[in-house]
Structure formats: structure tokens, C-alpha cells
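Quick note: the coordinates plus some simple rules give every number you see, no bench work behind them. Computed from a predicted structure; not experimentally measured. Every residue, glycine as well, gets a Cβ built from its backbone with ideal geometry; the counts of neighbours run over all protein chains shown.
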Amino acid sequence: MDFSLLRRSYDLRAIYPTEIDEDFFFRLGVAFIRYTGLTRIAVWHDARLSGASLARALMEGIATAWWYVIDVWLVSTDMLGFATCRYDDIDAGFMVTASHNPKEYN
């Protein structure tokens, strides 16, 4: 991983597909489960063209690590915060988005 991509402890933004791709997201899913030990992960994505494929790769990585993944699909970022705090059956959530950045980011 190129750690220069890391912006904050909870935020990674990079250009797709040159700096991040599906392989990176797959490995991120596996590593997240192995590092945290959390068992129920929800995955969201926004309407960016690369969002669905990156989210799918992330979910496959989580599932490969033998844990439960919830495919929430296309929703807004604020719903992530609400759902992960409100529902006890979600241990953590990933939002695949680049917020206000240009379309080549994710």
C-alpha cells in the first residue's frame, strides 16, 4: 500500500484505477477483518462509476476472511453513520465514495 494515499485515520482517497483498484479493495477487506476481528460489516457505495465494483471487491475480501458482510448497495454517506450507530447487528461500515472530489477519485 502506498501510505501517501492515507489522508486521515478513517479516510483514503485516490484516483481509480491508477492508485486504487479492485485488487486493493479485496486485500483491504481481508486485512480489516484480520486486524479488527469484527464480524458484521456493512458496505455502502455512492453513484460513482467505480463504486459498485470497488464495493463488491471489498465485500469479497471480507467474505474470504470468513465473516459476515451486509451489502447495503447505493445510499448516501449520512446513512452509514446512522446505521452503524443505530443497529446492533452492524459492527462497522465502509462507505466507498470520494465525497466532493472529481469523478476519477474514489
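Annotations
- Subtracting the Cα-Cα distance of residue 104 and residue 68 from 0.36 nm times their residue separation leaves 10.0 nm of extension gain.
- Calculated mean residue ellipticity at 222 nm for the chain: -11500 deg cm²/dmol, from DSSP H runs with n ≥ 4 weighted as -39500 (n - 2.57), summed, divided by the residue count and rounded to 500.
- Extended-chain gain in nm, criterion 0.36 nm per residue less alpha-carbon gap, residue 34 and residue 11: 6.4 nm
- Derived scalar couplings between HN and Hα for segment 15-21 equal 7, 9, x, 7, 9, 9, 7 Hz in order, rounded to whole Hz, by the Karplus curve 6.51 cos²θ - 1.76 cosθ + 1.60 (θ = phi - 60°), x for Gly and Pro.
- Cα-only Debye scattering, the chain: base-10 log of I(q)/I(0) at q = 0.14, 0.15, 0.23 Å⁻¹: -0.50, -0.58, -1.39
- Each peptide in 44-50, 93-99 gets a packing score, the mean of other Cβ atoms within 10 Å over its residues, and the list from highest to lowest is 93-99, 44-50.
- Net lengthening on full extension, residue 49/residue 23 (0.36 nm per residue, minus Cα-Cα): 7.7 nm
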